[in-house]
1. State all residues of the range 204-217 that are among the basic types (Lys, Arg), in contact with a helix residue (DSSP H, G or I) (Cβ under 8 Å, 6 or more places away or on another chain) and part of a helix (DSSP H, G or I); if no residue qualifies, say none.
2. Every residue in the range 236-250 that is in a helix (DSSP H, G or I) and surrounded by 15 or more Cβ atoms within 10 Å (Cβ to Cβ), please.
3. Looking only at the range 263-300, which residues are part of a helix (DSSP H, G or I), loosely packed, with under 14 Cβ neighbours inside 10 Å, modelled with pLDDT under 95 and in contact with a Leu (Cβ under 8 Å, 6 or more places away or on another chain)?
4. Kindly indicate whether Val240 is over 22 Å from the mean Cα position of the chain (by Cα) and either outside the structural domain of Leu182 (by TED's automatic domain parsing) or within 21 Å of Ile83 (Cβ to Cβ) (or both).
5. Go through Leu220, Leu182 for me and flag whichever is in contact with a Pro (Cβ under 9 Å, 6 or more places away or on another chain), touching a residue at least 12 places away in the same chain (Cβ under 8 Å) and outside the structural domain of Val53 (by TED's automatic domain parsing).
6. Can you find a residue in the range 68-80 that is part of a helix (DSSP H, G or I) and closer than 25 Å to Phe286 by Cβ?
7. On the basis of being closer than 29 Å to Thr206 by Cα and in a helix (DSSP H, G or I), does Ile87 make the cut?
8. Could you tell me whether Ile37 is in contact (Cβ under 8 Å) with a residue 40 or more places away in the chain, within 30 Å of Asn74 (Cα to Cα), in a helix (DSSP H, G or I) and among the hydrophobic types (A, V, I, L, M, F, W, C)?
Amino acid sequence: MLTRRQKHILLKFFSMFSVVRGYNILVIVVAQYLTSIYILAHDKALKEVVFDVNLLILVLASAATIAGGYIINNFYDSEKDLINRPIKSRLDRLVSQNTKLSFYFVLNFLAVVMVSYVSFSAVIFFAVYIFAIWFYSHKLKKMPFVGNITSAILTITPFFAIFIYYKNFETVIFVHAMFLFLIISMRELTKDLENIKGDLAHNYKTIPVVYGEKASKTMLTILFLLALVPVYFLLYKYEVGHMYFFFYLSVLLLLVFLLLLWKSKTKTQYLVLHNILKFIVLAGVFSILLIDVSVILNRI
């Protein structure tokens with residue numbers, strides 16, 4: 001049996017894990033390594049990529065910066081989340097705001113110190129990234145369009161750190177990035193629809209608040225059509241191995257998303273749509289393994 005103190009510590013741990021969304025960070029870490037192995041450094045020996053200390057540092061620094069980003073975002077959105085996510089918000093509040101801010105500064109400091117081992121350019125990159133996350137949480141998040149676009153860019157920025165490190169400028173990488181950017185943009189707008197009640201109460205000028213639900217649904221439809229463009233190129237112009245299964249599944253899920261979108265009116269219905277897009281992103285991460293199964297065997 002756990003003592004009262006041990007239960008208290010365990011609850012604090014789960015609270016902090018919830019604040020930094022540890023599950024999301026774990027997915028991003030896996031995604032960075034899979035992207036490095038299968039896409040960005042596909043011409044290097046597997047051992048050379050997996051045991052690359054510089055890559056490990058960049059991945060750990062990304063994880064620390066993203067965790068810090070979730071903390072500062074949670075700090076600014078604490079009141080709004082009481083309306084939009086009451087259960088999660090109660091768990092998050094088990095850790096004081098001062099403790100959260102302390103973790104925020106420590107994580108960002110560690111990230112900058114770690115990447116100083118890689119290069120001065122990496123320090124500048126992460127310093128700008130940290131500032132951009134704070135500025136988004138403090139100011140840009142409350143602005144329509146700008147907030148959505150910035151959020152989508154910040155989400156894929158950790159992959160640009162790896163992209164710059166390997167200096168791989170193949171066109172197919174940009175097409176993959178465009179598809180990811182559009183799906184994340186759809187997710188952000190859907191999240192705004194899901195959280196419209198809290199956004200209205202706290203004067204967040206999101207797209208659904210300013211332009212209404214119908215306009216938001218029209219924009220999501222346009223984003224869906226735009227997402228079909230990179231899918232077409234990835235299926236018919238580039239070699240993606242068995243990853244084509246993922247893109248066909250994505251189109252099918254996006255069609256389901258679109259059908260449900262125009263019938264959705266409640267928070268629960270928008271949450272289902274949000275989860276469909278989250279599943280597409282998660283499936284996309286692990287489908288990287290399907291690009292070329294022989295890649296691992298040939299590079300051991």
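The values are calculated or read from the model by the stated rules, or taken from the named source; none is laboratory data. Note that the coordinates shown come from a computational prediction; the quantities given were computed from them, not determined experimentally. Backbone-built Cβ (ideal geometry, glycine too); neighbour counts: all protein chains shown.
1. Lys217
2. Gly241, Met243, Tyr244, Phe246, Phe247, Leu249, Ser250
3. Residues satisfying the conditions are Phe286, Ile296.
4. When the stated conditions are applied, Val240 does not pass them.
5. One residue alone meets the criteria, Leu182.
6. Checked against the condition, which is being part of a helix (DSSP H, G or I) and closer than 25 Å to Phe286 by Cβ, the range 68-80 yields at least one hit.
7. Yes: the conditions hold for Ile87.
8. no
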